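The values are calculated or read from the model by the stated rules, or taken from the named source; none is laboratory data. Bear in mind that the values here come from a model prediction, so they are computed numbers and not experimental data. Because the Cβ atoms are built from the backbone with ideal geometry, glycine has one as well, and the counts that use them run over all protein chains shown.
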Amino acid sequence: MIELRSDIQKWIRIAFINLLIVALLGTIMRYKIAYYFPLIEQKNFLHAHSHFAFAGWVTQVLITMLVAYLSTKTHKNFLKKYKWLLTANLVTAYGMLLSFPWEGYGIVSITFSTLSIFVSYAFAFFFWKDLNRLPAKSVSHLWFKAALIFNIISSIGAFALAYMLANKMQHPSWYLATIYYFLHFQYNGWFFFTCMGLLCSKLVTAGVKQLFLKRIFLMFVLACVPAYFLSALWLPIPFIVYLLVVLAAALQLIGWIFLLIKIIKFRAAIFATVLKDAKIILILSGIALSIKLLLQAGSTIPYLSKIAFGFRPVVIGYLHLVLLGVITLFIIGYSKMNNFIFTNRIGNSGIIIFISGIILNEIFLMIQGVSYMSYINVPWINELLLGAAICMLCGVSLLNLGLIKRNYTYG
């Protein structure tokens, strides 16, 4: 299993380098907003930033973790089998990273985006088959399969968006609805359900009953599709759809509360062999998820929804809360929990700085959003957001510098 350990470390380290590039792009865009910087086209950089964050960072690391899950259940190195898919995903991610700043939505960037989607289809096909071959079935498999399905569903939005942009069909309502469709099934489908599957595998090991976890899964999976309309309440939707949206938001919040109570009850077994820093990072991810679900429930009030999705800082703050606060912190905490990564003092300092940057970014975006709603100009807000971006960039840089190799036992 030494070869497996080495392979896991290699692919995880590549993903963390990609996170550094994501942070760099974010900092450049923040600098462009605060100061004059004519060398870049902001909209094109935004496309590169978001596509690379999804494919090069989150998807790359989640695929690695899912393949590692297969390996531990079979005591075989599945990373060998999936090496071509991991490499293909990496190539398409870097293709988008290089082509979007150059041409925006053009023939090259759309080609790489399409190939990235086809890679995700191939992964879903092979992983589903290998998951079914596992001798022992787990509730985690339900989360994983739902994640794969939602990832495929999200691609419909990606294709529709590419078609609209290529043909300059940018009707405001349809354009936003398509973007939110893609984002919803990526964030709240593929990303979230994969992380929950990984979490549930640990909860089962700690003694939490699978029947209970299946009920939690049903609450979230039934709510996922109607929850899309939480991002589209500004559209003229039928009243029955609105009721389904309210029910979906309530189901997810109640499901998380029940799961949180169970986690607290079994905390001693869950964190028995977990280092303190990993425990703190996972707790922060849980706090971010709690805030996200509370905000989501609040957004079912139509007036608040129109305000929230009418102001760009609020939307950006919400998306960063999920991608950075919930998903990225979970990935870091889970990586440390399972000894996927080891960090020295420099790396640990980097994590602290990175988390501080996330918190500052959310605070400043909230201030900016409230000021926009109140038509009040907050001085130096763009410079403060640039400072938060630099903080995150420095944190991820130190984290990468502080990653060290060590033999470990993954279990």
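Report those helices (runs of 4 or more DSSP H) wholly inside the stretch 254-346 carrying at least 1 residues which are modelled with pLDDT under 90.
By residue number, 276-298, 302-308, 312-320.
Checked against (1) more than 18 Å from the chain's Cα centre (by Cα); (2) without any contact (Cβ under 8 Å) to a residue 60 or more places away in the chain, A15 passes all but a single condition, namely (1). S120 meets each of the listed conditions (1) of a type in the set (G, A, S); (2) in contact with a Gly (Cβ under 8 Å, 6 or more places away or on another chain); (3) more than 30 Å from G207 (Cα to Cα) apart from (2).
Within the stretch 141-173, the set of residues being surrounded by 14 or more Cβ atoms within 10 Å (Cβ to Cβ), of a type in the set (K, R) and at pLDDT below 95 is empty.
If I filter the stretch 70-92 down to residues being among the hydroxyl-bearing types (S, T, Y) and without any contact (Cβ under 8 Å) to a residue 60 or more places away in the chain, which single residue comes out as surrounded by the fewest Cβ atoms within 10 Å (Cβ to Cβ)? Looking at the filtered set, the residue picked out is T87. Scanning the stretch 257-292 for residues that are farther than 13 Å from I332 by Cα and of a type in the set (S, T, N, Q), we see that the one that is surrounded by the fewest Cβ atoms within 10 Å (Cβ to Cβ) is T273. One residue alone among I363, I353, I367, I390 is assigned to a helix (DSSP H, G or I), over 28 Å from G197 (Cα atoms) and either in contact with a Cys (Cβ under 8 Å, 6 or more places away or on another chain) or of a type in the set (D, E, K, R) (or both), and that residue is I353. Answer yes or no as to whether L97 is more than 12 Å from V119 (Cβ to Cβ) and surrounded by 20 or more Cβ atoms within 10 Å (Cβ to Cβ). Spelling it out, L97 is indeed more than 12 Å from V119 (Cβ to Cβ) and surrounded by 20 or more Cβ atoms within 10 Å (Cβ to Cβ).
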